[in-house]
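Here's the structure, in structure tokens; my notes come after.
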Amino acid sequence: MTTSTAKQPKPNPYYPIGQLQCETDTGLLTVPLTQEVAFRSWQQAIPEEYWGLDADELTRRIRTARATLAENVVVLGHHYQREDIIQFADERGDSFALAQYAASHPESRYIVFCGVHFMAEAADILCAPHQQVVLPNMEAGCSMADMAAPPDVYSAWRELEDSFGSTDDIIPVTYMNSAASLKAFCGKYGGVVCTSSNATKVLEWAFERGKRVFFFPDQHLGRNTGAKMGIPLDEMVLWNWRLPAGNLGGRDGDELARARIILWQGHCSVHQRFSLTQIEQARERYPDVKIVVHPECRHEVVQEADANGSTAYIAKYVAEAPAGSVIGVGTEINLVSRLAKENPDKTVFCLDPVVCPCSTMYRVHPAYLAWVMESLVAGTVVNRIQVPAEEKAHARLALERMLALK
Ligand code: 13P
Ligand code: SF4
């Protein structure tokens, strides 16, 4: 088993808390695709020549392809990507920063987006017409985004219309982690997109235009943002999309009438694992520990943490903490592991002792990056993400409303 930096599994100096340690804390080692347990079952098909390549060989090939493509390509990397991918990122960031980048850099013909499907779609919506967006592995989706199937959202909207008599006073707000068609839906019905770094501003914008917000797909980001704005918990009601249409998402008329935010019952399986018990354990071991979490965590976890914010916020929080700080982080392990390595004068650890990587971000294995880059060198665009033209205009409107908020 080799990696681009020839690293071998060894005890991690950054995680001194045995009980809070997880085997993934050392950073994820890249193995050839054939050794990946899940490769044959649910990964996108890829030419056989890439199956057995180790990390060193893949790194060498990606580097060569990159040099050949020169300024024709820009590689974007989300913070949750593994080291063997992030080393190639011209720009790394949270989903807001990467969308901003795509909207304001028309220089490169190809944008290779190392992240997940909804992020690449947002880049395609925002980039210039001559640019083409490529996602290395088409199976790199987002389980939270998948919890809001567009027909379910449209059906809920119709039910809300029937219940209230009109949706004129309801502003639809979709989290960036959603299908392009839902962004288009928001654009069409006077709504907007938000990310974890601007959710408060976006909800303020929405409440200037309507009495209620219909927020999807992440109940936790919606609830945490509403609570931060002073909205009582009982004025934020959950819409259970698993119930058959006609059940008002499990709410009664009174609950809906009181609701200021109607929250889609979606969640992130990585962030929903963080708990109050983990925070208590960290504080028992390190009385001075600071806890920083992503707002996709449950409300009680966010309330108990010292700080919360987007992946970019978390990175800044750790970087700006004084030397000697001990910081427990509630987010995906690739980012936590990188922050620990980049801040050797601090003790940085993941709050969850058995946390797993985001399994969909993880699907961007270097073999896929090598394949898409070498295909570009050969003049073939594989895995292009192309939002249908009829969705693009409305989706762009919803994204531009978000980008315009200062
Ligand atoms: P950020 O916008 O904070 O990067 O979050 C994206 C995401 O998918 C978190 O799970
Ligand atoms: Fe989706 Fe959660 Fe992965 Fe983020 S961490 S991409 S919300 S599944």
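Determine the relative contact order of segment 271-350: mean sequence separation of Cα pairs under 8 Å and six or more apart, normalised by residue count, in whole percent.
Relative contact order, segment 271-350: 29 percent.
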Label-point gap, in nm, between Ser104 and Glu280 - each point 7 angstrom along Cα→Cβ
4.5
Mean residue ellipticity (222 nm) of the chain, computed from DSSP H runs ≥ 4 via -39,500 (n - 2.57), nearest 500:
-11500 deg cm²/dmol
Step through the residues of segment 396-404 one at a time and calculate ³J(HN,Hα) from phi using the Karplus curve (6.51 cos²θ - 1.76 cosθ + 1.60, θ = phi - 60°), rounding each to whole Hz and writing x for Gly and Pro.
5, 4, 5, 6, 5, 4, 5, 5, 6
Given labels modelled 7 Å from the Cα in the Cβ direction, how far is it in nm from Ala323 to Ala45?
5.6
Straight-line reach check, Lys201, cutoff 16 Å on alpha carbons, 8 or more apart in-chain or any other chain, hits among aspartates and glutamates -> Glu400
Looking at this model, which pairs from Lys183/Lys228; Lys183/Lys211; Lys228/Lys392; Lys228/Lys346 are more than 26 angstrom apart at the alpha-carbon?
Lys228/Lys392; Lys228/Lys346
Can you work out the Karplus-derived ³J(HN,Hα) for every residue in segment 317-331? Use 6.51 cos²θ - 1.76 cosθ + 1.60 with θ = phi - 60°, whole Hz, and x for glycine or proline.
4, 5, 4, 8, 5, x, 4, x, 5, 10, 10, x, 10, x, 7
Using a Gaussian network model of the chain with C-alpha springs under 10 Å, which one of Glu296, Glu121, Glu57 is most mobile by mean-square fluctuation?
Glu57
If the elastic network links every pair of Cα atoms under 10 Å, which of Asp254, Asp218, Asp168 fluctuates the most in the Gaussian network model of the chain?
Asp254
Applying 1/(1 + (r/R0)^6) with R0 = 35 Å to the Cβ-Cβ distance of Thr380 and Glu300, what FRET efficiency is obtained, to the nearest 0.05?
0.10
Give me the one-decimal nm value for the distance between modelled label points at Leu405 and Asp169, 7 Å along each residue's Cα-to-Cβ direction.
2.2
What are the principal axis extents of the Cα atoms in segment 271-350, in Å, biggest first?
30, 26, 17
Skipping prolines and chain starts, which residues have an amide H placed within reach, meaning under 5 Å, of the one on Asp218, given they are 5 or more residues away or on another chain?
Tyr175
In whole Hz, with x marking every Gly and Pro, tabulate ³J(HN,Hα) for segment 62-76 from phi via Karplus 6.51 cos²θ - 1.76 cosθ + 1.60, θ = phi - 60°.
5, 4, 5, 4, 4, 5, 5, 6, 6, 6, 6, 10, 10, 10, 9
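Quick one: work out the % antiparallel among DSSP beta bridges in the chain, nearest 5.
5
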Can you give me the relative contact order of segment 107-250 as a percent, contacts being Cα pairs under 8 Å and 6 or more apart?
21
Ratio for the chain, C-alpha Rg to 2.2 N^0.38 Å, reads 0.99
Which of Leu263, Leu126, Leu160 moves most in a GNM of the chain, Cα contacts under 10 Å?
Leu160
Anisotropy class of segment 248-287 from Cα gyration tensor, a/c 1.5 cut
prolate
Peptide ranges 374-386, 341-353 listed from the most packed, as the mean C-beta count within 10 angstrom indicates
341-353, 374-386
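We did not get these values from a lab; they are worked out from the coordinates using the rules stated. Quick caveat: nothing in here was measured; it's all calculated off a predicted structure. In this analysis, Cβ positions are derived from the backbone assuming ideal geometry, glycine residues included, and neighbour counts consider all displayed protein chains.
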